[in-house]
Amino acid sequence: ALMNIVGTHDTERILTILGGEPDAGYDNAKLASMKMTAEKRRIAVKRLKIASVIQYTVFGFPSVYYGDEAGLEGYHDPFCRKPFPWGHEDTDIIGHYRLLGEIRSKHEAFAGGDFSFIDHGQKYVIYERKKGYDRVIIAANRSGEVLEISLPGHYSDALTGKQFRDFVTLDPDTAVILEEVKD
């Protein structure tokens, strides 16, 4: 079994890694008060959503370190081990993780289905999961540019509901989970 992790109790919180200021050897008193700016947090959340889409759709089983799905920030130990923020969760991030769980449960392709790359580059990846008649295509774009993918057929993004025919337009710093639409 493969555990897909992006954060653990032994590392800085994934949001902090994806958008925060590097630790730079600050003492614990300074690290205890450091928080991301609203803009850095916005960027970190976009990156976390891309990482979690990949985490939930590649081989293996997604394993989420408590609090990452609630938007906790924090530097090295002890700041990465803060308690769960009951009543103060980031509802946008929680909703995203719930949706990923629903999508994963809905598709047989994520339970031992085949994995194959469709295309990839330095800042994007497109792959599919397939099992029997269930086929799901995942695309992630980390570039600063719109990515256009030629993909014959009719698809719906399971994350947003957006429809695509014959090509997919992927905005910068986004990911899609494409389900085939039977016409």
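Scalar couplings 3J(HN,Hα) for the stretch 34-46, obtained by applying the Karplus form with A = 6.51, B = -1.76, C = 1.60 to θ = phi - 60°, are 6, 9, 6, 5, 4, 5, 5, 5, 4, 5, 4, 5, 4 Hz; x denotes Gly and Pro. The long axis of helix 91-106 is offset from the longest Cα principal axis of the chain by roughly 40 degrees. Given the options VAL45, VAL146, VAL136, state which has the largest fluctuation in a GNM of the chain using a 10 Å cut-off (strictly under) for Cα springs. With Cα springs under 10 Å in the chain, the top fluctuation among VAL45, VAL146, VAL136 is at VAL146. Evaluating 6.51 cos²θ - 1.76 cosθ + 1.60 at θ = phi - 60° for every residue in the stretch 163-174, the Karplus couplings come out as 9, 9, 10, 6, 7, 10, 9, 10, 5, x, 6, 9 Hz, glycine and proline recorded as x. Projecting the Cα positions of LEU170, ALA51, THR16 onto the charge dipole of the chain (unit charges on Cβ atoms of Lys, Arg, Asp and Glu, taken about the Cα centre) puts THR16 furthest along the positive direction. Classified by the C-alpha gyration tensor, the stretch 7-125 has a prolate form. Its axis ratio a/c, with a ≥ b ≥ c, is 1.5 or above, and a/b is larger than b/c. Less than 5 angstrom separates the built amide H of SER143 from those of ASP173, all sequence-distant by 5 or more or on a different chain.
In this structure, the amide hydrogen of GLY153, modeled 1.01 Å from its nitrogen in the peptide plane, lies closer than 5 angstrom to those of ASP166, counting only residues at least 5 positions away or on a different chain. Computed from backbone phi with θ = phi - 60° and the Karplus coefficients 6.51, -1.76 and 1.60, the 3J(HN,Hα) list for the stretch 49-62 is 5, 5, 4, 6, 4, 5, 4, 7, 10, 7, 3, x, 10, x Hz; x is used for glycine and proline.
Computed over the chain with a Gaussian network model linking Cα atoms closer than 10 Å, the most mobile of GLY20, GLY74, GLY95 is GLY95. Over the stretch 14-96, what relative contact order in percent results from Cα pairs under 8 Å that are six or more residues apart? For the stretch 14-96, the relative contact order is 33 percent. Judged by the ratio a/c of the largest to the smallest principal axis of the C-alpha gyration tensor, the stretch 43-183 counts as prolate, that ratio being 1.5 or greater while a/b is larger than b/c.
Quick note: the coordinates plus some simple rules give every number you see, no bench work behind them. Keep in mind that what you see is a predicted model, and the values were worked out from it rather than measured. Glycine also receives a Cβ, built like all others from the backbone with ideal geometry; neighbour counts cover every protein chain displayed.
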